[in-house]
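Have a look at the structure below before the remarks.
What follows is calculated from the coordinates using simple rules that are stated; it is not laboratory data. From a predicted model like this one, the values you see are computed outputs, not experimental measurements. Neighbour counts are summed over all protein chains in view; Cβ atoms, including those assigned to glycine, are modelled from backbone coordinates with ideal geometry.
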Amino acid sequence: MEKILEVKDLKVSFQTYGGQVQAVRGVSFDLHKGETLAIVGESGSGKSVTSQTIMKLIPMPPGQITGGQILFNGDDIVPKSEKEMENIRGKEISMIFQDPMTSLNPTMRVGTQIMEVLIKHQNMSKQEAKKRATELLRLVGIPMPEKRVVQYPHEFSGGMRQRAMIAIALAASPKLLIADEPTTALDVTIQAQILDLMKELQNKMDTSIIFITHDLGVVANVADRVAVMYAGQIVEMGTVDEIFYDPRHPYTWGLLASMPSLENDNDAELAAIPGTPPDLTNPPKGDAFAARNQYALAIDFEEEPPMFQISETHFAKTWLLHPDAPQVNPPESVMKRIRKLSSNFEKPVLVKEGK
Amino acid sequence: MAKYIGKRLLYMLISLWLIVTATFFFMRMAPGNPFTSEKQLPPEIEANLNAHYGLDQPWYVQYGEYLLRILKWDFGPSFKYKSQTVNDLISEGFPVSFLLGLEAIFLAVAIGVLLGIIAALKHNKWQDYTAMIVAVLGISVPSFIMASFLQYFLAIKWGIFPVARWEGFMYTVLPALALASTPMAFIARLTRSSMLEVLANDYIKTAKSKGLSSGAITVKHAIRNAMLPVVTYMGPLTASILTGSFVIERIFGLPGLGAHFVTSISNRDYTVIMGVTVFYSILLLVSILLVDIAYGIIDPRIKLAGGKKGE
């Protein structure tokens, strides 16, 4: 499959009064055509910053890309100027934001907000753009689009607005769509509708999607592959099956264990990961997760773990995969779901030294 | 919409009646009368004068007659300027104040909004600091000092504009500048803070993610949303500027309406006080109505009550 996006050792930091916050600390991943990659992690893990950096939407300054490459169709985005970015944003890569209540301009007709993209990127005239905007509204499942196209966002419900946002994002048929928690602000039935719509449109348009969320239920529903982020790094990455049925990183275990399931309702207390994420102005020495990790080894506090490869597609950044590490079993609720995957290598292979 | 405006006009009449009544009675409560002066008038003459102007009638008759006259847009004769009615005073002075006021409002809005936008777009850069220093100066330097500065440099030293009097367009520039400086500074600060707030909104990020240039984002998405506070301020500003400024008109020797506000009170010139107050109130009420209508046009979420359409 054709690689559409390659992020290589991306580092992003923000200059604040308290010092330099290293929000993203060496993230690497790639994305194929038509594929959906979910990035999961708790608040402050750097998932939104990573995705917004791909479109260079983070405010610079105070934000700064301190290292790495973002290859989009083989072309590095990092050194591109604002002017060059304008031809990429909305046309090649577009974005859907978390809160549909605030991400549309309240004083501009919904149709006009869609037309802007068409006029800018597809050189349409106003009439053509309006016709196309109406079609797009119909495509995203908004009834009576002829009437809706001249309405203002406050006349739309939350789910409708997110549909309109999707219409804006897909107006110029981008190759990559970044969805930053697109269903977090919606209620559950609407969430399901929006997810279905996104999947349907992805199949129609052959768009790749980066889906940012902290809802693992959503991940299982939409993603092909999953990247788990913690403290500005990807700690585990693999296919959905690998992450859900054969997780290797203690942080992934923690996330999965804290997911409510239908089996353990009354008796078992819902597990939580103790503590809070580290302060990224001074990232801790060794493994950033060590302080919250009940399985932490002595070396975790000393040296950052390297990346191990478990299968062709499965990577995890933990010392537990080292040949010398003691045998450790994940928590019981995670144990129950583990399956033997045939694609795994015989032994985890060390692929990249930690620093 | 027509229903809404009709309702508002009715409220305006009620407000106007309250203003007229309050002014009428407060004015009468103030010690002295139009004929108080250093020279004591003989009692017979004062009685004659009172009879001539109807001041010898009981207060409710005077009040009733006054209300009736206002309905006919007749503010009565001036007590101090013999042979002139208040209507004459207003129709002489208002065009001057009006023209000057329009110029000042135009300057204040154009420069103020521009400075505010530049300051917000270049937040915490030198452009921002410069604009805000200008704004602080404009707010803290009183208009009469500004006026004297303008006269000294632009008129006396460099001779670009005439110093004073009212004989043509060139004569309006300096007083308009002096009049505009404070509201301009205020509008600049208002625009800046409101723009900063708008620029932090999610929909600005959405606009950026569509590939719009920062110019297009500012013009199409930010300014309109940032204008509401400025429009709010425009209501009272328009009324107060259009009716003229006593100080500025004095300094530049202009025959505007502003002077009558002040002198009529110290003269106890009852009819002029009333007339000028009523006139000012009408302007204020109309400009507030216009502001409210402008809200509805700028922000579609603000539905003008009255028409239940769309709900």
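Put a plus charge on the Cβ of each Lys and Arg, a minus charge on the Cβ of each Asp and Glu, and nothing anywhere else: the dipole of chain B about its Cα centre is then about 1400 debye.
The convex hull drawn around the Cα atoms of the stretch A:68-210, when projected onto a plane and averaged over every direction, covers 8.9 nm². Looking at the stretch B:1-159 from every direction and averaging, what is the projected area of its Cα convex hull in nm²? If I average the Cα hull's projected area over directions, I get 17.1 nm². For the stretch B:53-72, the residues whose amide N sits under 18 Å from a probe point set 7 Å from the Cα of B:Met29 along the beta carbon direction are B:59-60, B:63.
Expressed as a fraction of 2.2 N^0.38 Å, the C-alpha radius of gyration for chain A is 1.04. Each residue in A:Thr16, A:Thr107, B:Thr21 was given a count of other beta-carbon atoms within 10 angstrom of its own, and listing them fewest first yields A:Thr16, B:Thr21, A:Thr107. FRET efficiency for the A:Gln64 to B:Leu68 pair, using the beta carbon distance and R₀ = 45 Å, is estimated at 0.05. From the Kirkwood radius over Cα pairs of the stretch A:253-352, Stokes-Einstein at 25 °C and 0.890 mPa s returns a whole-number translational diffusion coefficient of 159 µm²/s.
For the stretch B:89-265, the fraction of C-alpha pairs more than 30 angstrom apart is 28%. Over chain A, dividing the summed -39,500 (n - 2.57) contributions of all DSSP H runs of at least 4 residues by the number of residues returns a 222 nm mean residue ellipticity of -8000 deg cm²/dmol.
In the Gaussian network model of chain A, springs joining C-alpha atoms below 10 Å, which of A:Ser43, A:Ser258, A:Ser81 carries the largest mean-square fluctuation? Per the Cα network of chain A with a 10 Å cutoff, A:Ser81 tops the list.
Hull volume per residue, based on the alpha-carbon atoms of the protein assembly as shown and their convex hull, is 235 Å³. Structural descriptor for the stretch A:56-204: relative contact order 30 percent, calculated from alpha carbon pairs under 8 angstrom and at least 6 residues apart.
Evaluating 6.51 cos²θ - 1.76 cosθ + 1.60 at θ = phi - 60° for every residue in the stretch A:333-341, the Karplus couplings come out as 5, 7, 3, 4, 8, 5, 10, 7, 9 Hz, glycine and proline recorded as x. Among B:Tyr152, B:Tyr203, B:Tyr295, A:Tyr230, the order by Cβ neighbours within 10 angstrom, fewest to most, reads B:Tyr152, B:Tyr295, B:Tyr203, A:Tyr230. Site pair B:Leu137 and B:Tyr295 shows an inter-label distance of 3.6 nm when each label is modelled 7 Å from Cα along Cα→Cβ. For the stretch B:44-98 and the stretch A:146-191, what is the centre-to-centre distance using only Cα atoms, to the nearest Å? Spelled out, the Cα-based centre of one part sits 65 Å from the other. Extent of chain B along its three principal axes (Cα atoms, max minus min coordinate, largest first): 84, 62, 31 Å.
When the stretch B:95-232 is described by a simple charge dipole with +1 on each Lys and Arg Cβ and -1 on each Asp and Glu Cβ, the residue from B:Ile145, B:Ser181, B:Ala226 located farthest towards its positive end is B:Ala226.
Taking the Cα centre of the protein assembly as shown as origin and assigning +1 to Lys and Arg Cβ atoms and -1 to Asp and Glu Cβ atoms, the resulting dipole is close to 2080 debye.
Of the residues A:Phe156, A:Gly18, A:Pro145, the one whose Cα sits farthest toward the positive end of the charge dipole of the stretch A:3-223, with +1 on the Cβ of Lys and Arg and -1 on the Cβ of Asp and Glu, is A:Pro145. Of the cross-linked pairs A:Lys3/A:Lys317; A:Lys3/A:Lys347; A:Lys3/B:Lys125; A:Lys83/A:Lys285, those separated by over 30 Å at the C-alpha level are A:Lys3/B:Lys125; A:Lys83/A:Lys285.
Applying the criteria of a DSSP loop state and at most 13 other Cβ atoms within 10 Å to the chymotrypsin sites (Phe, Trp or Tyr not before Pro) of the stretch A:1-30 yields A:Tyr17.
Using only Cα coordinates, the Kirkwood hydrodynamic radius of the stretch A:1-151 works out to 17.6 Å.
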